[in-house]
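Before any comments, here is the structure.
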Amino acid sequence: MNDTILVLNGPNLNLLGKRQPEIYGRETLADVEALCRETAAGFGLTVDFRQSNAEHVLIDAIHDFRVGSAGIVINAGAYTHTSVALLDALNTCEVPVIECHISNVHRREAFRHHSYISLAATAVLAGFGTHGYALAIRHLAHLRAGKPA
């Protein structure tokens, strides 16, 4: 197992800080990346941080990290609620998968209450803002240390 965590971000997260800041906050994706790198470094881990608006690019990244990595943190954006293809890719993972949402999706539109990603996730975080990414990385480090979930 290597020491790298894949942090994977789906559609429209490239607009973080600009798109609906009343829901998603003012932090940019670059801010989230810096937070993830700093958090991971505290546990002796590294981060491969990616974002794509294209479903197939997200699937390819999952394939690259599904075995041997320290885990995957995924905010699939709107694909959370629609993508069986992402679910199928995540179901091939032999590493922990943490689903992360900036907003509390359960306080939003009804269609956001269903997640295909959750069916493959080891754990789910929602509503912690961008701090949820740090919590997800901390949990992966916890699991990596052999502590119970």
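The values are calculated or read from the model by the stated rules, or taken from the named source; none is laboratory data. From a predicted model like this one, the values you see are computed outputs, not experimental measurements. Every residue, glycine as well, gets a Cβ built from its backbone with ideal geometry; the counts of neighbours run over all protein chains shown. These accessible areas exclude ligands, DNA and RNA; they are computed on the full protein's heavy atoms, side chains included. Shrake-Rupley method; radii C 1.70, N 1.55, O 1.52, S 1.80 Å.
Here are some notes:
A quick yes/no check of all residues on (1) among the small types (Gly, Ala, Ser); (2) open to solvent by less than 60 Å² (accessible area, probe 1.4 Å):
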residue: Val73; (1), (2): no, yes
residue: His81; (1), (2): no, yes
residue: Ala89; (1), (2): yes, yes
residue: Val95; (1), (2): no, yes
residue: Cys100; (1), (2): no, yes
residue: His114; (1), (2): no, no
residue: Ser118; (1), (2): yes, yes
residue: Phe128; (1), (2): no, no
residue: Ala136; (1), (2): yes, yes
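- Scanning segment 106-129 for residues that are within 21 Å of Asp31 (Cβ to Cβ) and either in contact with a strand residue (DSSP E or B) (Cβ under 9 Å, 6 or more places away or on another chain) or modelled with pLDDT of 95 or more (or both) yields Leu125, Ala126, Gly127, Phe128.
- Segment 56-72, residues that are out of contact with any Leu (no Cβ under 7 Å at 6 or more places or on another chain) and touching a residue at least 40 places away in the same chain (Cβ under 8 Å): Asp64, Gly68
- Subset tally (residues that are within 19 Å of Ser103 (Cβ to Cβ) and modelled with pLDDT of 95 or more) for segment 3-12: 5
For (1) in contact (Cβ under 8 Å) with a residue 24 or more places away in the chain; (2) at positive phi; (3) in a helix (DSSP H, G or I), each residue gets a yes or a no:
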position: Ile74; (1), (2), (3): yes, no, no
position: Asp88; (1), (2), (3): no, no, yes
position: Thr92; (1), (2), (3): yes, no, no
position: Ile98; (1), (2), (3): yes, no, no
position: Tyr133; (1), (2), (3): yes, no, yes
position: Pro148; (1), (2), (3): no, no, no
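- Residue match in segment 20-43 (condition: modelled with pLDDT of 95 or more, assigned to a loop (DSSP other than H, G, I, E, B) and over 19 Å from Gly129 (Cα atoms)): yes
- Condition met for Val67 (under 20 Å from His142 (Cα atoms), open to solvent by 20 Å² or more (accessible area, probe 1.4 Å), β-branched (Val, Ile, Thr) and outside any helix (DSSP H, G or I)): yes
- Residue list for segment 36-48, restricted to those being hydrophobic (A, V, I, L, M, F, W, C) and crowded, with 20+ Cβ neighbours inside 10 Å: Cys36, Ala40, Leu45, Val47
- Search result, residues across segment 1-17 that are touching a helix residue (DSSP H, G or I) at 6+ places or on another chain (Cβ under 9 Å) and in a loop (DSSP other than H, G, I, E, B): Met1, Asp3, Gly10, Pro11, Asn12, Leu16, Gly17
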